[in-house]
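The values are calculated or read from the model by the stated rules, or taken from the named source; none is laboratory data. Just so it is clear, the model here is predicted, and its values are computed rather than measured. Counting neighbours? That spans all protein chains shown, and the Cβs are built from the backbone with ideal geometry, glycine included.
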Amino acid sequence: MRSGEPLARDAMVGVPPAPPGPESRAHPAPAPPAAPAELKRVQQYVEQNYFVERELDKVVAADRARLSNIGAWRGRKLPKNN
């Protein structure tokens with residue numbers, strides 16, 4: 001460091017802090033309610049492209065059974081430590 005140069009902390013003395021932006025709020029503004037047509041479109045997309053609720057349970061159970069049948073450790077439950 002050269003002599004006579006101010007330190008970074010000394011340069012900040014007297015500088016007011018930046019005003020808080022919208023991202024610093026505790027609770028952001030709520031989103032406007034969606035239109036019924038938009039909700040139906042999203043629901044159809046999710047039902048066509050993802051497993052949900054009962055279908056997901058069936059897929060997970062089948063995967064566990066398959067892993068257990070081939071003897072993989074991932075298909076087994078760990079023993080309880082008593």
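Kindly evaluate GLU47 against the criterion of being at pLDDT below 90, assigned to a helix (DSSP H, G or I) and within 20 Å of the chain's Cα centre (by Cα). I'd like the intermediate steps shown before the answer.
Values: at pLDDT below 90: yes; assigned to a helix (DSSP H, G or I): yes; within 20 Å of the chain's Cα centre (by Cα): no.
Answer is no for this residue.
Table: residues versus (1) at pLDDT 85 or above; (2) polar (S, T, N, Q).
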{"position": "GLN43", "(1), (2)": "yes, yes"}
{"position": "GLU53", "(1), (2)": "yes, no"}
{"position": "ALA62", "(1), (2)": "yes, no"}
{"position": "GLY71", "(1), (2)": "no, no"}
{"position": "GLY75", "(1), (2)": "no, no"}
{"position": "PRO79", "(1), (2)": "no, no"}
{"position": "ASN82", "(1), (2)": "no, yes"}
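Just to be sure I understand the filter: pairs with C-beta atoms under 9 Å, separated by 6 or more residues or on different chains, first member in region 43-54 and aliphatic (A, V, I, L, M), second member modelled with pLDDT under 90. Which pairs pass?
If the second residue must be modelled with pLDDT under 90, the pairs left are VAL46/VAL52.
Go through region 28-41 and give me each residue that's surrounded by 10 or more Cβ atoms within 10 Å (Cβ to Cβ) and at pLDDT 90 or above.
Our first condition is that a residue be surrounded by 10 or more Cβ atoms within 10 Å (Cβ to Cβ); within region 28-41, this holds for 34, 38-41.
The answer is GLU38, LEU39, LYS40, ARG41.
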